[in-house]
Amino acid sequence: MVFQSYALYPHLTVASNLALPLRMRRLSAFQRFPVLGRLLPGTTRIAAEIDVEVTRTAKSLGIGHLLTRKPGQLSGGQRQRVAVGRAMVRHPAVFLMDEPLSNLDAKLRVQMRAEIKELHQRLGVTFVYVTHDQAEAMTLSDRVAVMLDGELLQVAPPQDIYADPDDRRVAEFIGSPKINMLDGVVREHRLIDVAGSTLAIETDARAGAPLTLGIRPEGFHLSDHGGQGALTGSVRIIEHMGSDLFVHLDLAGVDHPLIVRLPAERTPHIALGQTLHVGVRRDRVLLFARDGRRLRPEAESNRASVTPFREVAR
């Protein structure tokens, strides 16, 4: 196991911290005695094997030059590598990591995240990684298990968790900025009235049935006009992110802003207070029942028309 607090012995060197699990496993209680133990048969041979294993593990983690130092002389990232190395020397079938990067600064977290990913690929064993950081969950995982209030909501690959969530709570937990949630009502001809506009998103729900539309910020594009298929709002906030803009729009009848992600290089000048029309990419719309259940496509279609939706039973 690898913990948030590293759990290293401060009075031992890096080499001794790495060797401790092997000494406890391979040496008897008498062989571990400081003086007497060295005189017992097999102690020298086992100690040499442990030293080789420690050196090999430290080298693979890039901390071979730190073996004589103590934890207090190491940076946060170096201490975390030692903690990982202490687990590695045991050659476990499963690594359990509980918030291992939460004590590190943002830059070092990104670096260590990449190192853990590379380590996982190199060792080829199972890692169970517990985190509240969605970036860590999405970038490190082959499969993500989303839990909330003790309930397991969904287990799926990261891209499915993001693009195809089973539950509204999963959709809202993953993604930054947060997914836009808009209340809508089904009308005749299987259209949906939402935020003063009408979207051509076909559904099997009866006319007058309430539902919720989930649209991530990248699910919009600029439009020349309002009306059907587009949402119209007043620009409240503009966030410049380099390659992208996050534009916050106030929509009529909606008590929270709509966040739209637009490419900066292809976006004309946008000013605060300006009225902006944004079209909705229908293939990016997620439908939810008011109780949070996902409404999924009845069947996949390659046609330009919109696919009908049905409720997924829990």
Query raised in the report: Which of the aspartates and glutamates could a cross-linker bridge to Lys59, judged by Cα under 14 Å and excluding same-chain residues fewer than eight apart?
Result: Asp51, Glu115
Report summary line: Here the percent of antiparallel bridges among DSSP beta bridges lying wholly in the chain, to the nearest 5, is 85 percent
Report task. Please determine, in degrees from 0 to 90 and to the nearest 10, the orientation of helix 14-26 with respect to the longest principal axis defined by the Cα atoms of the chain, where the helix direction is its Cα long axis. Result -> 80 degrees
Query - Kirkwood-based Rg to Rh ratio, the stretch 14-140, C-alpha trace - result: 1.03
**Report entry** Alpha-carbon centroid distance for the pair the stretch 261-276 / the stretch 56-135, whole angstrom
**Finding:** 42 Å
**Report entry** Those trypsin sites (Lys or Arg not before Pro) in the stretch 180-257 that DSSP places in a loop and that have at most 14 other beta carbons within 10 Å
**Finding:** Arg187, Arg206
Query raised in the report: Which ordering of Asp105, Asp51 is given by a fewest-first count of other beta-carbon atoms within 10 Å?
Result: Asp105, Asp51
Report task. Sorted from largest down, give the three principal axis spans of the alpha carbons of the stretch 135-242, whole angstrom values. Result -> 42, 40, 21
Report summary line: Other residues with Cβ under 13 Å from the Cβ of Gly273 give, with Lys and Arg +1 and Asp and Glu -1, a net charge of 0
**Report entry** Debye-sum result for the stretch 179-297 in log10 I(q)/I(0), which assumes one identical scatterer on each alpha carbon, at q = 0.13, 0.16, 0.19 Å⁻¹
**Finding:** -0.49, -0.72, -0.98
Report task. Working from Cα positions, state the angle (0 to 90°, nearest 10) between the long axis of helix 43-60 and the longest principal axis of the chain. Result -> 30 degrees
Query - Local electrostatic count, Met24, Cβ distance below 15 Å [Lys/Arg +1, Asp/Glu -1] - result: +4
Query raised in the report: In cubic angstrom, how much convex hull volume per residue do the alpha carbon atoms of the chain span?
Result: 181 Å³
Report summary line: Note, the stretch 228-240: 3J(HN,Hα) by Karplus (6.51, -1.76, 1.60, θ = phi - 60°), whole Hz, Gly/Pro = x, goes 4, x, 9, 10, 10, x, 9, 6, 9, 9, 10, 10, 8
**Report entry** Degrees between helix 76-88 axis and first principal axis of the chain (Cα, 0 to 90, nearest 10)
**Finding:** 70 degrees
Query raised in the report: For the stretch 214-268, what are the per-bin percents of Cα-Cα distances with bins 10 Å wide, up to the bin holding the maximum?
Result: 23, 59, 18, 0
Query - Net charge over other residues, Cβ less than 13 angstrom from the Cβ of Ala264 (K, R count +1; D, E count -1) - result: -1
Requested in this report: Could you grab the relative contact order for the stretch 14-140? Cα pairs under 8 Å, six or more apart, rounded to a whole percent.
Outcome: 25 percent
Requested in this report: Select from Arg86, Arg26, Arg216 the residue whose mean-square fluctuation is largest in a Gaussian network model of the chain (Cα-Cα springs shorter than 10 Å).
Outcome: Arg26
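Each reported figure results from applying straightforward, stated rules to the coordinates on display, with no laboratory input. Remember, it's a predicted structure, so these values are computed and weren't measured experimentally. Note: ideal-geometry Cβ built from the backbone for every residue, glycine included; neighbour counts use all protein chains shown.
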